[in-house]
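The numbers here are math on the coordinates, done by the rules we state, and not lab data. Keep in mind that what you see is a predicted model, and the values were worked out from it rather than measured. Cβ atoms come from the backbone with ideal geometry, glycine included; neighbour counts cover every protein chain shown.
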């Protein structure tokens, strides 16, 4: 042993200690002949004394951190591991001495004896320690006398060593026998308990009163050594208070371990005590500081240890959770609130502890009926949790979302028109409405784009004055044509609560039908009726007598104050200077009142921070006064509420936009709550009902409104009302048509649509319906339907008359023609030249009359005797017509060409053949002096084909182009051109039967183009 005394320069532990007493202790351990080591829970070396490297030939550095398998066989490791597991399961100790073979660095094996001890802390296995002794010589036979003498000498040296270890130990050590009598104590133990040399001779544990951590006295029988004597089990890390002779108390952390003799009987108990008085006093100071800090935090705060027990709870948290601090401190959070185990709170807290990363989330608490914003900061020893009640903010957000949904729903289902919002840059921020179905632009084509990038220059020029007027605070209306429709656009300004214009709104309504109705009724001045109603910042402590405000860095930066200066203390005037000038007098007045009354203080105001940004904050504090009522300190906290204020402003703006939208709509708008109570009715709805009569608190009161179905006249049942269906969640886009008796006595016909308004959970909270007065439109439709019926009946009678007339006229005409032929055959020799001329005139007149009657008969049969429509190849039809008039084509020298292949259309084959024959014949007849040049072309427009027949003939005067499609209208005499004047009228009738149009474009002397449209064959 003495040979290794100089080996103490290397530390026993992997990390060197600085304390001299500990260093001496480690030095003594290294002088022991037996090998001493420590393994962690994974079986890796964490400490070895000098004997271990000498025994197996490895250096200390080669062993530290390596698994024990580098020196032991697998079967030995398995045997020891099983014994450890059994010991841990039974809470017992390892009595067995293991004999095993260790491998040296050069591969040899040496026989060893191992005594093993487990390290268990608070029920948790921390590793093991062992003492290894080489027994190779013992294997060869019993010891000699010399060996026994050597061993006696060795035991004496070991006892001496133990004495030296005890006296140099940095902890107090006491040894008691099986009867509880003190047999040994070291100097450190005497120092800790203030035991004098004289008292040490007779000292008994009962000489010093002992208390537990809470200050409750404990008897000698409850001392750790006594419990170990009784149970044979060790006691670890028990913190006690010991009362010294001078009456003071000292805090001691005590461990007690049993020692057993060769028979397994408990022989002695060793107790070790460490003075932790300084540590406990520092803990109390820190707890006092924490309590003071937590008391100033305006948020609710609590702290949990690694076993989820409450270690700190401020008053805000206790109030929030509905428990007193005494109930919570030391209690397990999941035992106090078992319902939280299956919640996001449980999952987020465990995630924070597992990842050691902060978590922040919002959570609705069913037991307390509130929303909370929770932030948890983890550490190795537990969790710090801050939370605040954000129920008001969530309610504002919900109201804002509901307002926005109601706003957009109104816009999207605005009937017969468009609604838009735009900013000062003329950029669209919203576009919606059913009118988008009528124009070649979609809502997404507008939103996010600038006004001039969307519309053609002509349209933009017509609209821009109205847009600019709205942004200047004026209302403006304009009428224009776009996409073959007529529109009226209303532009109005949108203002905030201060009256400042921050956006504009337009409502464009399709008035095409209205305009057509006005022209039809020759009332050009009537227009569609338009509506004319139209988070925590920091804490402070103000030392009032010295006028010094001490704050944290975040608080200082919020008020634009240097954080270093604020930490030392600055005057209150310096902070007040950062308060918004409009709010400062009010803040000063409230602070003065709190100082005068030694009361509480609360104020909302604006401050300018270090970045010169204006922020909204709420301050809360309380003045603390001395016995005479003089203010001493004024602690408090400030919370940033800028986001809340912005949300409130946004909600007010949204409500203003919604109100403006409702009032500008030219249709009635009614908003009802979930029970059917009417909460908003615009002026247009009041006008429709003849006054402010729509006042109901529920659906049950709707029976007082006289409403009937417009088609049947039956009363509308309560559950058939549009608003009732909407409140059940139905979207009414196909309008219901109702008849009402308004308060002014008039009967009106209404078109009613409706949409439900849902909250963020999908629950219907309100219903919105729109009322459109279609009384005039319905009357006009009825008149128009009657007129159409009369016209159809008249046309049918005319067709029958024309057919009958043309058929009946043919009989006398045949007689006239027959007698004229008899006169010519029998008396031609008796007639002079003038008689023959008269006879020729009569015969020619009869022939032309026959042709006119035949044409009239064909004209009347177009609708009544046409064939069913079928796909027709116009190319084949034109070829067949060309063959029919081939002789006339050859005689005139005509050239008939087709630019491209003609399409397939849907129609009557025989009538289309007649259509082409009439047009080609006309083109040849009126070709002039030059051979006819005829061109046939076709272009597709949507579902219709436009076919054009062009010639280079004599043309038609502009004044005559409107009447060439009338029956019996001729532009030339019979001497100039043959014809009955009915051919183009037949063409028009054929095209109209095919739902097409026919028209002429002509320049006199240059030629004529007749164009017509036919439906495609698809």
**OP:** Could you give me the radius of gyration and the Dmax of segment 536-640, taking only the C-alpha atoms into account and expressing both in angstrom?
**Re:** 12.9, 42
**OP:** With the convex hull built on the Cα atoms of segment 667-773, state its orientation-averaged projected area in nm².
**Re:** 6.1 nm²
**OP:** With a bin width of 10 angstrom, please list the P(r) values of segment 281-389 as percents of all Cα-Cα pairs, from the 0 bin to the one holding the largest distance.
**Re:** 14, 50, 32, 4, 0
Original post:
Share of Cα-Cα pairs in segment 866-1015 beyond 28 Å, in percent?
Top reply: 14 percent
Original post:
In whole angstrom, how far apart do the alpha carbon centroids of segment 415-469 and segment 863-929 sit?
Top reply: 48 Å
**OP:** Would you mind putting 269-277, 219-227 in packing order, based on average other-beta-carbon counts within 10 Å, highest first?
**Re:** 269-277, 219-227
Original post:
Could you state the number of Å between the C-alpha centres of segment 72-92 and segment 731-787?
Top reply: 87 Å
Subject >> Peptides ranked, highest mean first, by Cβ atoms within 10 Å: ranges 454-460, 44-50 >> reply: 44-50, 454-460
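With N denoting the number of residues in segment 226-275, provide Rg(C-alpha) divided by 2.2 N^0.38 Å, to two decimal places.
Numbers: Rg = 13.4 Å, N = 50, 2.2 N^0.38 = 9.7 Å.
Compactness ratio reported: 1.38.
Where does each of 724-730, 247-253 land if you order them by average Cβ count within 10 Å, highest first?
On the way: 724-730: 17.3, 247-253: 15.7.
Ranking the peptides 724-730, 247-253 by packing returns 724-730, 247-253.
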Original post:
What is the spin-label model distance, in nm, from residue 779 to residue 429 if the labels are put 7 Å beyond Cα along the C-beta direction?
Top reply: 4.3 nm
Subject >> Taking the convex hull of Cα positions in segment 171-275, its mean projected area over all directions (nm²) >> reply: 6.3 nm²
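If you rank 316, 782 by fewest surrounding Cβ atoms within 10 Å, what's the result? If you can, show how the numbers build up before the last one.
Working: 316 20, 782 10.
Fewest to most other Cβ atoms nearby, the residues stand as 782, 316.
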